[in-house]
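Engineer: Here's a structure for you.
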Amino acid sequence: MTAPTDTASGAPGAGPAPEPGSAAGGVLGNVFGAPAAPAEPAAGAAAEEAAPEPEPFGLGSSPVRQDALPKALGVYPYAADLWAEGLLWGAVLRSPHPHARIVSVDASAALALPGVHAVVTAADLPSDHGGRAAGAPHGPVIADRPVLAAEVVRHQGEPVAAVAADHPDTARLAAAAVAVEYEVLEPVTDPEKSFHAGPLHPDGNLFRHLPLRFGDPDAVGDVVVEGLYQVGRQDPAPIGAEAGLAVPRPDGGVELHVASTNPHGDRDRAAACLGLEPDRVRLVVTGVPGATADREDLSFQVTLALLALRTGRPVKMALGREDSFHAHAHRHPALLRYRHHADSLGHLVKVEAQILLDGGAYADVSSEALAAAAAFSAGPYVVPHVFVDAWAVRTNNPPAGRMRGEGALQACFAYESQLDKLAAKLGVDPLEIRRRNAMATGDLMPTGQAVTCPAPVGALLDAVAAEPLPPLPVDEPDTEWLLPGGPHGAGDPAAVRRGIGYAVGMVHMLGAEGADEVSTATVRVSGEQATVICAAVDAGQGFATLARQVVQDVLGVTDVWIAPVDTDQPAAGPTARGRQTWVSGGAVEKAALMVRHQLLQPIAANFGMSPELLQIADGKITSYDGVLGMPVSEALEGKELWATAQCRPHPTEPLDDAGQGDAFVSVAFCAMRAVVDVDIELGAVRVVDVTVAQDVGRALNPRQIEARIEAGVTQGVGLALLEELQAEDGRLVNPSFTGYRLPTALDTPEVRIAALLEERDVVASFGAKAVGAAPAVVAPAAVAAAVRAATGRPVTRLPVRPQDAVV
Amino acid sequence: MLPATLEEAVEALAAAPAAVPVAGGTDLMGAVNAGLLRPPALVGLGRISELRGWRYEDGGTAVLGAGLTHARMGRPDFAALIPGLADAARTAGPPQIRNSGTLGGNIATADPAGDTLPVLAALEAAVTLTGPAGSREVPVSHLLTGLDPMRPGELLGWVRVPLLHAPQVYLKATGRSGPARAAASVALVLDPARRAVRCAVGAVAPVPLRPLEAEAWVSTCIDWDGERGIDPAALTAFGEYVAGACVPDPQALADPGGPAPGAGDGPAPAGGPPAAAQRLRRTVAVLARRALGRALK
Ligand SMILES: Cc1cc2nc3c(=O)[nH]c(=O)nc-3n(C[C@H](O)[C@H](O)[C@H](O)COP(=O)(O)OP(=O)(O)OC[C@H]3O[C@@H](n4cnc5c(N)ncnc54)[C@H](O)[C@@H]3O)c2cc1C
């Protein structure tokens, strides 16, 4: 199916896509074993909701998400619930060593176990040009990561072999029975040592060096502050671990049912790894159990497909928690050295920085994360002179990749810590020093790119500052006061100090540096029922709800069905980098507008006026002069209309050798005030309150924005205080939910929204900015600032450990 | 197998010696799921209702069933009897775990960070072990240190705890507000009849440690006949004394042969053994000081 930009292609009745309910019908029929059929979830719920309150409708309202009830009831079908008749179970054997040469792999003992159907290794994947098994290297940017390790393992947990058996336990036992002889090599785990270590990969150890030169290198300020900052390894820790089902197809292809957030990208790369044409691999997106950017690593998907192809049977794999920690990419640990120059009034003169990101064993998106770290290294401030050297390097640590605000987050912690330091040195209020330097529309970023979108940095700071502070316990003696350490903890009010910290930050939206951003959507109306076909994955962020609101807004229909996603649909790109609202939402809007035109044109013609003079509101089509007032339902009766449209934001360019260029489509800003209580003897910290003001462009669904902000703040609080996937000599220390400490309800603060500033971003679809990443970028810096204020300690490392917060 | 009495359970275990007893399963099933344990058979203790409550014995002793859940021990009626154990039970994991995790399981698992263990050590509790050859009583400390371990075929039936009718405190440092294992913990009980303070430190060593000298010293600082007051300086000194007794000397650790103290599942101590020991000492000192302060308040 081809769909050129902005072209309505279609005639009534000639719908381009399969019926909504039969999207997964091709090979499997209903792949969900659960009795709740996913096909018509709306029917029953809608009938019950036909109660007095009319459902919120259109953009700017906050309808309940379609998946909310099924998720709350536990009937939402996740990938782990997949089932197919006669399926086998997959299991993966992972390297116990962070760095080793594979001397030999002997699968005979595993194959001899009863119930084992296949064992695959790198030798079962297409070989490289030299005819050698290379494990089918792949990667989102550079293809450097094998699906199954060939010759060398470069991080602990790297997949070496995989097994399919008739029972999950048998599969696990068989995987353990694959005998691999390793020659253990010295791991390089200190990113600073990676520069001079021997190459860990034929591509070398440097993923990217990005020098950024902006202004006069000799400029100096009256006041100089320096700092060295460190950010630990955060994990996306999706509650639902990786799971999926692969089904062989009669044509020699394979169908993958996985919780992918980038179906077409994954399909294309999986096909390449398998040596198949892309159209012989079909990827069907199942319920995504939590994703904050990329989700399943490709190795998981390809291994699954390979096992299905090898055995000719459906194969299911559901990773355990430890496997899951090994399988997906983490946030880049970072080391940031900063020097800020300012004049005596606190105006920034120059920022110098060295930023080192530990990319782990494979390239993934390290170069992209590095671009964000360098470009936003000075923060949302006007700085005339900026000099940065940023590096992303290869080590034998677990691979790092995309995770909400990658690169921007690490820099935000460093530059905001520096601003606090500068404020302290100058004796200026931390809020005031930020206001004095705040960026505004028209200012230049250190990349030389002018900020053309709204940049209400000052207004955001004012909004959080104007919000009343949470009460002090002394003012409310009757309320139960939750002390740091939690209920029934060791907290002692006499040792508790309260601290208030501010932070403001920025993050880009959409792919940067020339990434081709494009999405396609089809909107079809059949009678009063509209259908959206768009391969944008709703990973829980709410795209399906938004698409519904968009169609309601444009066409005035209530009943909008969002088709499940698979790769038979045109590509919509990954659900990451805050792009779906803009790119896919934009495509849905365009398609809906084309349908609207098809609907209104004949009506307008009847009245001898142009369709532009008609409007749709409150379920009615009305003309400017009030002559016409026809219910939409009447106009649509018996009609079948559809249109397909594409949205492609304006292009960007790569950063040059001096880090200069218009690399970003747009940026979003967020300001926060964090209030913490610290038990200064034990170093226990409780975040009491986080107040947020965010630059959202336009609030398309206020409740979903609030949910995104709460999620971002929670994840940020996690990184600030709790979450660190530790590795010792390249080996994970805490790959479990006992060891890896996610914030619980008790660790999560009250999140208050001081303002959602709605200054339209004129180039963005709907004028709306992405909302997911910004709060995650800023929250760690705000919490660190508050701990600093409470304790007087420097707080230069995330997460803040108890020993960093004792006085 | 789901026996209804302790006797039946002992028989079931004797009949299938490879079977493993399971109470709440919160420790056991984790090990099974992680593939660390593959029990050929399980003997479920959950139906033994006699073990889910407690009774009194004369001489001021409560006999607690091994099947008491953390949630049950956290309730006010139990807290009025043995407040220290109630305190510990209330902090032992999230509510789901406390609803099924049991006292017996906590003792049998003998995790260094097990929350009931320091309290039982401070209370000088004893357990009744029942096997095919009959029952025997073993002090908790002997069981935990391995001086007198559980024998094959034996089940932990009862825990005998003295009723002291005086304040008891259990404090644990976790570094967070949500549920977590202890990085260090202190249990402290007052025994006014004997004019004694008993204290145990958890999570800093494989078993709870008793700072006997510090206990003896501080009990002389308390005005037992009056309002049980104490000089604040003595509170602080007690904290230091306890920490000094229970956490190895940071200086001694500076030599590479010294063992690193266990620090629960919290972030790995940075700065090497001496710095970590220094911090642990400080934490224990604060906990011990606060615990005594609360007990005497
Ligand atoms: C998420 C989570 C958080 C936790 N947090 C804490 C915490 O903060 N503090 C803490 O102390 N613990 C914690 N635990 C550990 C656990 O919940 C406790 O140790 C609990 O008391 C174990 O009791 P159980 O009945 O579940 O034991 P089970 O898992 O049933 O048994 C544990 C072991 O004891 C043996 N056993 C059980 N009962 C008997 C008996 N009567 N006689 C002989 N052997 C027996 C079993 O064979 C097994 O080896 C946590 C566990 C989880 C999963």
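Engineer: Output yes when any residue across the range B:122-129 is more than 13 Å from the chain's Cα centre (by Cα), within 13 Å of the ligand (Cβ to nearest atom) and open to solvent by 10 Å² or more (accessible area, probe 1.4 Å), and no when none is. Working first, answer last.
Structural biologist: Here is the first cut: in the range B:122-129, the residues more than 13 Å from the chain's Cα centre (by Cα) are B:128-129.
Adding the requirement that they be within 13 Å of the ligand (Cβ to nearest atom) leaves B:128-129.
Retained after the next criterion (residues that are open to solvent by 10 Å² or more (accessible area, probe 1.4 Å)): B:128.
Within the range B:122-129, one or more residues are more than 13 Å from the chain's Cα centre (by Cα), within 13 Å of the ligand (Cβ to nearest atom) and open to solvent by 10 Å² or more (accessible area, probe 1.4 Å).
Engineer: Is it the case that some residue within the range B:32-51 is part of a helix (DSSP H, G or I) and of a type in the set (D, E, K, R)? Full working, then the answer.
Structural biologist: In the first step, residues of the range B:32-51 are kept if they are part of a helix (DSSP H, G or I); the result is B:32-33, B:49-51.
Next cut, of a type in the set (D, E, K, R) only: B:50.
Taking every residue of the range B:32-51 in turn, at least one turns out to be part of a helix (DSSP H, G or I) and of a type in the set (D, E, K, R).
Engineer: Identify the single condition in (1) within 14 Å of another protein chain (Cβ to nearest Cβ); (2) touching a strand residue (DSSP E or B) at 6+ places or on another chain (Cβ under 9 Å); (3) not in a helix (DSSP H, G or I) that B:Val63 does not satisfy, given that it satisfies every other one.
Structural biologist: B:Val63 satisfies all of (1) within 14 Å of another protein chain (Cβ to nearest Cβ); (2) touching a strand residue (DSSP E or B) at 6+ places or on another chain (Cβ under 9 Å); (3) not in a helix (DSSP H, G or I) except (1).
Engineer: Pairs only if they're at least six apart or on different chains, beta carbon under 6 angstrom, first in the range B:179-201 and at the interface with chain A (Cβ under 9 Å from one of its Cβ atoms) and of a type outside the set (Gly, Ala, Ser), second open to solvent by less than 10 Å² (accessible area, probe 1.4 Å) and away from the ligand (no atom under 12 Å from the Cβ); list them, first residue then second.
Structural biologist: Here the result reads B:Val186/B:Leu171; B:Val186/B:Val201; B:Val186/B:Leu287; B:Val186/B:Ala288; B:Val186/B:Ala291, each pair linking the range B:179-201 to a residue that is open to solvent by less than 10 Å² (accessible area, probe 1.4 Å) and away from the ligand (no atom under 12 Å from the Cβ).
Engineer: Could you check the range B:42-69 and list, in sequence order, the residues that are open to solvent by less than 60 Å² (accessible area, probe 1.4 Å) and within 12 Å of the ligand (Cβ to nearest atom)?
Structural biologist: Answer for the range B:42-69, where residues must be open to solvent by less than 60 Å² (accessible area, probe 1.4 Å) and within 12 Å of the ligand (Cβ to nearest atom): B:Val43, B:Gly44, B:Leu45, B:Gly46, B:Ile48, B:Leu51, B:Leu64, B:Gly65, B:Ala66, B:Gly67, B:Leu68, B:Thr69.
Engineer: Taking only the range A:682-733 into account, find how many residues are at the interface with chain B (Cβ under 9 Å from one of its Cβ atoms), out of contact with any strand residue (DSSP E or B) (no Cβ under 6 Å at 6 or more places or on another chain) and open to solvent by 10 Å² or more (accessible area, probe 1.4 Å). Steps first, answer last, please.
Structural biologist: Let us first name the residues in the range A:682-733 that are at the interface with chain B (Cβ under 9 Å from one of its Cβ atoms), namely A:682-687, A:721-722, A:724, A:726, A:728, A:733.
Subset that is out of contact with any strand residue (DSSP E or B) (no Cβ under 6 Å at 6 or more places or on another chain): A:683-684, A:722, A:724, A:726, A:728, A:733.
Narrowing further to those that are open to solvent by 10 Å² or more (accessible area, probe 1.4 Å): A:722, A:724, A:726, A:728, A:733.
Number of matching residues: 5.
Engineer: Turning to a different aspect of this structure: Going residue by residue through the range A:509-525, is there one that turns out to be open to solvent by 40 Å² or more (accessible area, probe 1.4 Å) and farther than 30 Å from A:Gly661 by Cβ?
Structural biologist: No, that holds for no residue.
Engineer: For the range A:65-147, which strands (runs of 3 or more DSSP E) that fit wholly inside it have 2 or more residues that are within 26 Å of A:Val288 (Cβ to Cβ)?
Structural biologist: A:88-94
Engineer: Take B:Gly74 and tell me if it is within 14 Å of another protein chain (Cβ to nearest Cβ), within 13 Å of the ligand (Cβ to nearest atom) and free of Cβ contacts under 8 Å to residues at least 40 places away in the same chain.
Structural biologist: The answer is yes for B:Gly74.
Engineer: Filter the range A:468-501 down to the residues that are farther than 26 Å from A:Ala424 by Cβ, surrounded by 15 or more Cβ atoms within 10 Å (Cβ to Cβ) and more than 14 Å from chain B (Cβ to nearest Cβ) and list them by number.
Structural biologist: Listed by number, the list holds a single entry, A:Pro473.
Engineer: Quick check on this structure: which one of A:Leu307, A:Leu357 is crowded, with 24+ Cβ neighbours inside 10 Å and within 22 Å of the chain's Cα centre (by Cα)?
Structural biologist: Result of the check over A:Leu307, A:Leu357: A:Leu357.
Engineer: Now, a different point. When you look at A:Ala237, is it touching a strand residue (DSSP E or B) at 6+ places or on another chain (Cβ under 9 Å) and assigned to a loop (DSSP other than H, G, I, E, B), yes or no? Before the answer, list the steps.
Structural biologist: On the way: touching a strand residue (DSSP E or B) at 6+ places or on another chain (Cβ under 9 Å): no; assigned to a loop (DSSP other than H, G, I, E, B): yes.
Against the criterion (touching a strand residue (DSSP E or B) at 6+ places or on another chain (Cβ under 9 Å) and assigned to a loop (DSSP other than H, G, I, E, B)), A:Ala237 does not qualify.
Engineer: Give me the pairs: first residue in the range A:179-194 and in contact (Cβ under 8 Å) with a residue 60 or more places away in the chain, second residue among the charged types (D, E, K, R), beta-carbon distance under 7 Å, and six or more apart or on different chains, which are they?
Structural biologist: Every condition considered, the pairs that remain are A:Ala179/A:Asp106; A:Tyr182/A:Arg101; A:Glu183/A:Arg101; A:Leu185/A:Arg101; A:Pro187/A:Asp729; A:Thr189/A:Asp729; A:Pro191/A:Asp358; A:Ser194/A:Arg394.
Engineer: Which one of B:Pro118, B:Pro95, B:Pro139 is open to solvent by 20 Å² or more (accessible area, probe 1.4 Å), more than 8 Å from the ligand (Cβ to nearest atom) and within 14 Å of chain A (Cβ to nearest Cβ)? Talk me through it step by step, then tell me what you get.
Structural biologist: Working: B:Pro118 fails: open to solvent by 20 Å² or more (accessible area, probe 1.4 Å); B:Pro139 fails: within 14 Å of chain A (Cβ to nearest Cβ).
One residue alone meets the criteria, B:Pro95.
Engineer: Look at A:Glu517 and say whether it is in contact with a Lys or Arg (Cβ under 8 Å, 6 or more places away or on another chain), farther than 20 Å from A:Ala707 by Cβ and charged (D, E, K, R). Steps first, answer last, please.
Structural biologist: Details: in contact with a Lys or Arg (Cβ under 8 Å, 6 or more places away or on another chain): yes; farther than 20 Å from A:Ala707 by Cβ: yes; charged (D, E, K, R): yes.
When the stated conditions are applied, A:Glu517 passes them.
The values are calculated or read from the model by the stated rules, or taken from the named source; none is laboratory data. Since this is a predicted model, take the numbers as computed values, not measurements. Ideal geometry is used to build each Cβ from the backbone, glycine not excepted, and the neighbour counts take in all protein chains shown. Just so you know, the surface numbers come from the protein's heavy atoms only, side chains and all, with ligands and any DNA or RNA stripped out. Shrake-Rupley method; radii C 1.70, N 1.55, O 1.52, S 1.80 Å.
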